[in-house]
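The values are calculated or read from the model by the stated rules, or taken from the named source; none is laboratory data. None of the values given here were measured: they were computed from a predicted structure. Ideal geometry is used to build each Cβ from the backbone, glycine not excepted, and the neighbour counts take in all protein chains shown. Side chains are part of the model used for accessible areas, which takes the heavy atoms of the whole protein and leaves out ligands, DNA and RNA. Shrake-Rupley method; radii C 1.70, N 1.55, O 1.52, S 1.80 Å.
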Amino acid sequence: MCGPIDGGASTTVYRSRPTDLEFDVITLADDIHVLRARSTHWPSPSNVVVIEDGDGLTLLDCGFGTEEARDGLDRALRTLGYEIGAVHTVVVTHPHLDHAGGIGLLPERVRVLGPTGLGETVADAVASAELIFPTAVRALAPERADLEIVEHFRTDCGVLDGPVEVTALVPGEDVNIGRTSWQVVLTPGHADGMYSYVESNLGIVVCSDVLVARGTSIPWYAPGGGGTRGYLGGLGRLAELDLQLAIPGHGGMIYGADNCSAAIIKTSERIERRTDAVMRALDAGPLSFAELEAEIYPQRVYDVIPWAASVLATHLLEGIEDGALHRHDDVFSTTA
Ligand SMILES: [Zn+2]
Ligand SMILES: [Zn+2]
């Protein structure tokens, strides 16, 4: 089962099980590895960074929270000579379940570090769904208002049984792991309070879902996630750093300073172009939400993840807030 199905007169129930939970192992240094998720097609787990030290393993992000996902992670760790019980610390970028769900399946003694609120969100299916497809989007998009995704996140992605204790990190602090030291950099937009982690000596950024990634909807954002201005601000912070390697949450790694810079610029431009595209379309006359969706993604993206609509909603709400757009009934227009 994949994608939305008709759930009856009043709801469209979205269910989709991951079909590939395997990772390819890429070794960057004796003690640093990337588990690259083979699939980038939703629902697929995030890439996982593995750092060895004398006590075992630290993971940066850890994939979904289902038993099957844990087995996939365990198989990948075994190719490095470890099993999942060797994990003593997990550092999380943001509370989306493809990155953070796995914290519920690790040994209880595992220390979890990440953004504030993470430990509660990953144990709450309704809150997890609200991050992805907020009530504010339903209010703007009448044809998507009945979309039901809570069960998808609860069952297919693996919501935790209960809250997990998380040590909240703050921007600018350093997280020391083995011989490495990762600076916490605030990069909101994709998710509120989201962090990227930067190892300055090695020039590595674990940028999760911040930078544009081929074969995904990224840059993706939703109302409440920090907005396009928050997103661009975070990209500006990354642009100031001396980066040699960006490890994204999905897809292949970005090697070299020039390619890292290009990815940051491309992501910024993609966001700004969407604002322009929506405004240009509305300059020609009033349009409905459904008509405007084509300005952001091709239809096949909405077929796989109907919450791609959250991106358009972000732009429309910002336009309304700025006074550049207004909404009358279910139609949007420019105020000029
Ligand atoms: Zn992701
Ligand atoms: Zn995400």
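Here are some notes:
Conditions tested, residue by residue: (1) assigned to a loop (DSSP other than H, G, I, E, B); (2) within 17 Å of the chain's Cα centre (by Cα); (3) more than 16 Å from VAL198 (Cβ to Cβ); (4) within 16 Å of ligand 1 (Cβ to nearest atom).
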residue	(1), (2), (3), (4)
LEU211	yes, yes, no, yes
GLY215	yes, yes, yes, yes
TYR231	no, yes, yes, yes
LEU243	yes, no, no, no
THR275	no, no, yes, no
ALA281	no, no, yes, no
ALA290	no, no, yes, no
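- Scope the range 284-324; condition of a type in the set (Phe, Trp, Tyr) and open to solvent by less than 10 Å² (accessible area, probe 1.4 Å); matching residues: PHE289, TYR302
- Among all positions in the range 325-334, there is at least one residue which is open to solvent by less than 10 Å² (accessible area, probe 1.4 Å), in contact (Cβ under 8 Å) with a residue 24 or more places away in the chain and assigned to a strand (DSSP E or B).
- Some residue of the range 177-196 being assigned to a strand (DSSP E or B), over 30 Å from HIS328 (Cβ atoms), touching a Cys at 6+ places or on another chain (Cβ under 7 Å) and modelled with pLDDT of 95 or more: yes
- PRO107 falls short of the stated requirement of being within 15 Å of ligand 1 (Cβ to nearest atom), in a loop (DSSP other than H, G, I, E, B), touching a residue at least 12 places away in the same chain (Cβ under 8 Å) and in contact with a helix residue (DSSP H, G or I) (Cβ under 7 Å, 6 or more places away or on another chain).
- If you go through the range 245-256 and keep only what is surrounded by 15 or more Cβ atoms within 10 Å (Cβ to Cβ) and either part of a helix (DSSP H, G or I) or more than 16 Å from ligand 1 (Cβ to nearest atom) (or both), you end up with just LEU245.
- For the residues GLY215, GLY224, GLY249, the requirement of being over 13 Å from THR314 (Cβ atoms), touching a helix residue (DSSP H, G or I) at 6+ places or on another chain (Cβ under 8 Å), touching a residue at least 60 places away in the same chain (Cβ under 8 Å) and within 16 Å of ligand 2 (Cβ to nearest atom) singles out GLY249.
- Restricting attention to the range 143-164 and to residues that are at pLDDT below 95 and open to solvent by 70 Å² or more (accessible area, probe 1.4 Å), the residue that is farthest from the chain's Cα centre (by Cα) turns out to be GLU143.
- Entry remark, the range 186-204: residues being in contact (Cβ under 8 Å) with a residue 24 or more places away in the chain and either of a type in the set (S, T, N, Q) or within 16 Å of ligand 2 (Cβ to nearest atom) (or both) number 13 in total.
- Residues satisfying the stated conditions in the range 158-174, i.e. in contact with a Ser or Thr (Cβ under 7 Å, 6 or more places away or on another chain) and in contact (Cβ under 8 Å) with a residue 24 or more places away in the chain: GLY158, VAL159, ALA168
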